[in-house]
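Visitor: Quick one: this structure, given as structure tokens, is what I'll be asking you about.
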Amino acid sequence: MDNKRKYVIPGDLVTTGPFRPEQNVVLEGNRIIATAIGISEIYDDAVKVIPLTGKYIPKINDLVIGKVVSHSSLSWELDINSCYVGFLPATDVFGRDFSAHADELTSKLRTGDLVAARIANFDRTRDPLLTIADRDLGKIDSGDLVKISPSKVPRLIGKRGTMIQTIEMATNAAITIGQNGWVVVSCEDPEGLLKAKKAIQMVDEHAHVANLTDQVKEMLEKKGES
Amino acid sequence: MGGRESELVLLDENGIRCDGRKVDEPRRIMIKAGGLKNADGSAYIEFGDNKILVGVFGPRDVHPKHMSNTDTGILRVRYHMEPFSVTERKNPAPSRREIEISKVIKEALEPAVMLDKFPRTAVDVFIEVLQADGGTRCAALSAASVALADAGIPMRDLVAACAAGKVADTVVLDVNNEEDQAGQADMPIGYMPNLEKITLLQLDGVLTPEEYKKCVETGINGCKIVYDLQKKALHDKYFGNGGD
């Protein structure tokens, strides 16, 4: 491991000097201090800490998987595994000619349904606004939900998607990863489904291990023989 | 207070205290991060004979809604002693003392946590004292800050806490239950070691200005010992295998 990356806990000094503080660090005088447990990274002129724990914080344009918890006459409320609930306006699903009298919201989405959505808008003054107006978004009809820690989502995707491709290729499963740590796996072959789920859980548990992709590959291949 | 005469020898001629410690020696401390599955973050501390479990939830929705703040997240702390934590059964209802300790711990953690990133949310800290033996507020505060870090709440620094006091006219570190009862002063200190800031300072008893200064100094040294153990607990949980 090069000396630019190190393990930090809150209060640890990451570096001093003219760096731009990014995620999970604060500037105290000329010292840059970590505010989360994670791995610090210094690149170019910026410093950040990649967190290893913590809740999902919505970001505009993130793909998330939500579960419908309730609805009003104009919108649904989705649990997106965050400290805020996601709002999905009815016009987004029904289109411009939505009418609160004529259209019944439950005809499209019911409580408990899983939805793949994108965060259309979010800032500190309001709850995240979701949209499903895009390709591949909308209600998820089939598949199993696997919950992993949101901080380990980048690990599951891997560098340029290598990790997820490895799992998908080996099991023939279709995997949708929400940035909020909820993952939907669907696969026609029940054994492939089981294997894919196991691989995802393995990534969640062993996220800090080096060359995990190879280990996952090994695990998937071994299971295939038995 | 006032150093009552008793058979208990608080400090013998060799400078050894009633439980065999030296004047600047803390009790045995063990901290473990994590351990509770359903809480977002948790920690367990054994501080001498104190055993304290802390669970943290959040950031999450605030209930009741009127408590929420649109500018920042809020921190809520409940310090609670189990009925079996002391020799005589303790009524589990929150006592005056528990309400006070909840408040001081909350105020001691507030300078460390940065909840302004999570407006309209709450972070709940639940402290359960399983076994008490003097100095629970310090042990609870130390464990609470580990649990908060475990939950991923952004923090400027960990808060370490340790008490100092005056026993048999001597300033000592980490006052235990007997020394607290029979000693002359007890001063719990909460301290952020990297920022060098004190977040909790209480004093029960009478000290001269010199003793006061010495007490603060001794307490801060104790906090630094606790801080190393807090750090170790978090390192063990997160970077246990494959650490650098």
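Bear in mind that the values in this text are calculations on the coordinates, not laboratory data. Bear in mind the structure is a predicted one, so any value in this text is a computation, not a measurement. Positions of Cβ are generated from backbone atoms using ideal geometry, with glycine treated the same way; all protein chains shown enter the neighbour counts.
Visitor: Just the C-alpha atoms of segment B:132-244: what Rg/Rh do they give, with Rh taken as the Kirkwood radius?
Guide: When Rh is taken as the Kirkwood radius, the ratio is 1.04.
Visitor: Stretched out fully, how many nm does the piece from residue A:43 to residue A:147 gain, at 0.36 nm a residue minus the Cα gap?
Guide: Taking 0.36 nm per residue and subtracting the Cα distance, the gain is 34.3 nm.
Visitor: Then there's this: Relative to the Cα centre, what is the charge dipole magnitude of segment B:11-149, using +1 at the beta carbon of each Lys and Arg, -1 at the beta carbon of each Asp and Glu, and rounding to the nearest 20 debye?
Guide: For this selection, approximately 400 debye.
Visitor: Within a 10 angstrom radius of each residue's Cβ in A:31-40, how many Cβ atoms of other chains show up on average? Whole number is fine. Show your work: numbers first, answer last.
Guide: Working: counts 2, 0, 5, 5, 11, 6, 12, 3, 3, 0.
Across the residues of A:31-40, the mean count of other-chain Cβ atoms within 10 Å is 5.
Visitor: While we're here: Based on alpha-carbon atoms only, what is the radius of gyration of segment B:134-174 relative to the globular estimate 2.2 N^0.38 Å? Each step should come with its number before you reach the end.
Guide: On the way: Rg = 13.5 Å, N = 41, 2.2 N^0.38 = 9.0 Å.
Dividing the Cα radius of gyration by 2.2 N^0.38 Å gives 1.49.
Visitor: I want to verify the translational diffusion coefficient of segment A:144-217 in µm²/s; compute it with Stokes-Einstein, Rh as the Kirkwood radius over Cα pairs, at 25 °C and 0.890 mPa s.
Guide: Reported coefficient: 207 µm²/s.
Visitor: For the pairs A:4/B:37; A:6/A:222; A:139/A:159; A:217/B:117; B:166/B:224; A:4/B:237, flag any whose C-alpha to C-alpha distance is greater than 31 Å.
Guide: From A:4/B:37; A:6/A:222; A:139/A:159; A:217/B:117; B:166/B:224; A:4/B:237, over 31 Å: A:4/B:37; A:6/A:222; A:217/B:117.
Visitor: Return one quarter of the surface area of the convex hull spanned by the alpha-carbon atoms of the protein assembly as shown, equal to its mean projected area, in nm².
Guide: So the mean shadow area of the Cα hull is 28.3 nm².
Visitor: Another question, then. State the percent of C-alpha pairs, over all pairs in segment A:63-140, separated by a distance greater than 17 angstrom.
Guide: I get 38 percent for the Cα pairs in segment A:63-140 exceeding 17 Å.
Visitor: P(r) tail for segment B:40-132, what percent of Cα pairs lie past 19 Å?
Guide: Taking all Cα-Cα pairs of segment B:40-132, the fraction more than 19 Å apart is 46 percent.
Visitor: Calculate how large, on average over all directions, the projected area of the Cα convex hull of chain A is; give the answer in nm² to one decimal. Mind showing how you got there, number by number?
Guide: Numbers: hull surface 59.1 nm².
The number I arrive at for chain A is 14.8 nm².
Visitor: Seen from all sides and averaged, what is the projected area of the convex hull of the Cα atoms in segment B:29-238, in nm²?
Guide: Its Cα hull, projected and averaged over all orientations, spans 11.7 nm².
Visitor: Let me ask another. Summarise the partner chain shielding of B:138-149 as one whole number: the mean count of Cβ atoms from other chains within 10 Å of each residue's Cβ.
Guide: Counting other chains' Cβ atoms within 10 Å and averaging over B:138-149 gives 1.
Visitor: Take every DSSP beta bridge whose two residues both sit in chain A, then give the antiparallel share in percent to the nearest 5.
Guide: 90
Visitor: Please give the Cα centre distance for segment B:10-35 versus segment A:131-167, rounded to the nearest Å.
Guide: Using only Cα atoms, the two centres lie 51 Å from each other.
Visitor: Another question about this same structure. How would segment A:6-51 be classified by its alpha-carbon gyration tensor: rounded, prolate or oblate, with rounded meaning a/c under 1.5 and the a/b versus b/c comparison settling the rest?
Guide: Verdict is oblate for segment A:6-51.
Visitor: If you count, for each residue, the other Cβ atoms within 10 Å and average over each peptide, how do A:194-201, A:54-61, B:143-150 line up from highest to lowest?
Guide: Details: A:194-201: 21.0, A:54-61: 17.6, B:143-150: 30.1.
Most protected by this proxy first, the peptides run B:143-150, A:194-201, A:54-61.
Visitor: Please give the average number of partner chain Cβ atoms lying within 10 Å of the Cβ of each residue in B:39-48, rounded to a whole number.
Guide: Going residue by residue through B:39-48 and averaging, the value is 1.
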